[in-house]
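The structure under discussion appears below in the form of structure tokens.
The values are calculated or read from the model by the stated rules, or taken from the named source; none is laboratory data. Note that this is a predicted model, so its numbers are computed, not measured. FYI the Cβ positions are ideal-geometry reconstructions off the backbone, even for glycines, and counts take in every protein chain you see.
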Amino acid sequence: MGWIFFKSKYEKMKLVDREDLERDPVVRFQHSHYIPLALFLGFVLPAIIGSTWGDAKGAFVWAGLVARLAVWHCTFLVNSLAHWDGLQPYSDEDTSRGSLILAILTCGEGSHNFHHAFPHDFRSGPSLVSWDPSKWVILLLHRLGLVTGLRSAREEDLKEALEYMKHKALHGVPPLDQEEANEQAIEWTIDDAIDYVLQSNGRCLVSIAGWAVDITRYLGEHPGGSTLLRSYSLQVEPVGRKYEWKDATWAFEGGLNNHSRAAIKRMKEFRLAKLTTAL
Ligand SMILES: [Zn+2]
């Protein structure tokens, strides 16, 4: 847990769209009063509550100090144990693993392998019965209207990921990628791409590894926000057809973020044409 004592430089952080957080008055209040809030709720409040039955000191020690120690250690286990020992049913692209012990200790973070494979999913354990009380609380808040816009991975993607990993465990190699083999794509010049954007009323077209990819439908789903995606889209001025198009290959293929196998598969579904002009 040494890493928490170092202030890391997150250079990519400024690229993350955090407009939703900045709009939220509760998050803003918490952010600007973080230290007094943490000290009050973590240590002072337990003592005040304990004083109502005459044991402020006992409450401070157990509900303040000991509870903090236990909660921190359980939280940090997600970064150590959940990347060291356990099962990898969804993906082996990183070191994340699932473990029931951790699920019990952290109220659901046990399916950590799932979280890394499908980071935009609000659940940690995707099945309704997997031990994930956090998910049940979110679902309850959703019922009460306090939580909106829950996102979860598509059922077919979960199934595909499970089958992929099963195949790998059984045969030692990943299943053959069929779609790559019979790829018969149409070809576009830059002019075709410009026509497409002009005629489709400014759809969000990005260029990844020599492909024109229309990600308009995915804008609201992208875990990193839509602003980032739009910054890589083809911008055209209707008069004079002057255009600006920053290639997104580097950003997509690990420059900005490591996209999971599921994310790469999803991106391929949005491909429209092979680009004959290099950007
Ligand atoms: Zn992790």
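In table form, for the structure just shown:
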| read-out | value |
| --- | --- |
| Residues satisfying the stated conditions in the stretch 220-279, i.e. in a strand (DSSP E or B) and modelled with pLDDT under 85 | Asn258 |
| Residues being more than 24 Å from the chain's Cα centre (by Cα) and among the polar types (S, T, N, Q) - total across the stretch 1-60 | 3 |
| Candidates Leu176, Leu150, filtered to the one that is in a loop (DSSP other than H, G, I, E, B), of a type in the set (A, V, I, L, M), in contact with a Phe, Trp or Tyr (Cβ under 7 Å, 6 or more places away or on another chain) and not assigned by TED's automatic domain parsing to the domain that holds Ile264 | Leu150 |
| Test: residue in the stretch 160-178 that is aromatic (Phe, Trp, Tyr) and over 29 Å from Lys12 (Cα atoms) | yes |
| Filter pass, Val206 being more than 30 Å from Ser80 (Cβ to Cβ), surrounded by 13 or more Cβ atoms within 10 Å (Cβ to Cβ) and at pLDDT 90 or above | yes |
| Failed item in (1) surrounded by 15 or more Cβ atoms within 10 Å (Cβ to Cβ); (2) in contact (Cβ under 8 Å) with a residue 24 or more places away in the chain, with Pro238 passing the rest | (1) |
| Options Asn113, Asn79; residue that is within 13 Å of the ligand (Cβ to nearest atom), in the same structural domain as Ser134 (by TED's automatic domain parsing), modelled with pLDDT under 95 and in a loop (DSSP other than H, G, I, E, B) | Asn79 |
| Residues of the stretch 226-279 classified as more than 21 Å from the chain's Cα centre (by Cα) and hydrophobic (A, V, I, L, M, F, W, C), total | 9 |
| Among (1) touching a residue at least 40 places away in the same chain (Cβ under 8 Å); (2) crowded, with 17+ Cβ neighbours inside 10 Å; (3) of a type in the set (A, V, I, L, M, F, W, C) - the single one Ile186 does not satisfy | (2) |
| Residues (touching a residue at least 24 places away in the same chain (Cβ under 8 Å), under 16 Å from Lys159 (Cα atoms) and small (Gly, Ala, Ser)) located in the stretch 88-129 | Ser91, Ala117 |
| Trp53, sole failed condition from (1) away from the ligand (no atom under 16 Å from the Cβ); (2) in a helix (DSSP H, G or I) | (2) |
| Verdict on Trp84 being modelled with pLDDT of 90 or more, within 16 Å of the ligand (Cβ to nearest atom) and surrounded by fewer than 16 Cβ atoms within 10 Å (Cβ to Cβ) | yes |
| Test for Asp92: is it within 20 Å of Pro175 (Cα to Cα), surrounded by fewer than 19 Cβ atoms within 10 Å (Cβ to Cβ) and within 16 Å of the ligand (Cβ to nearest atom) | yes |
| Test: residue in the stretch 120-127 that is surrounded by 12 or more Cβ atoms within 10 Å (Cβ to Cβ), assigned to a loop (DSSP other than H, G, I, E, B), among the polar types (S, T, N, Q) and within 16 Å of the ligand (Cβ to nearest atom) | yes |
| Test set (1) surrounded by fewer than 18 Cβ atoms within 10 Å (Cβ to Cβ); (2) touching a His at 6+ places or on another chain (Cβ under 8 Å); (3) touching a residue at least 60 places away in the same chain (Cβ under 8 Å) - Lys274 fails condition number | (2) |
| Looking only at the stretch 95-110, and only at residues there that are outside any loop (DSSP other than H, G, I, E, B) and among the β-branched types (Val, Ile, Thr), the one that is farthest from the ligand (Cβ to nearest atom) | Ile104 |
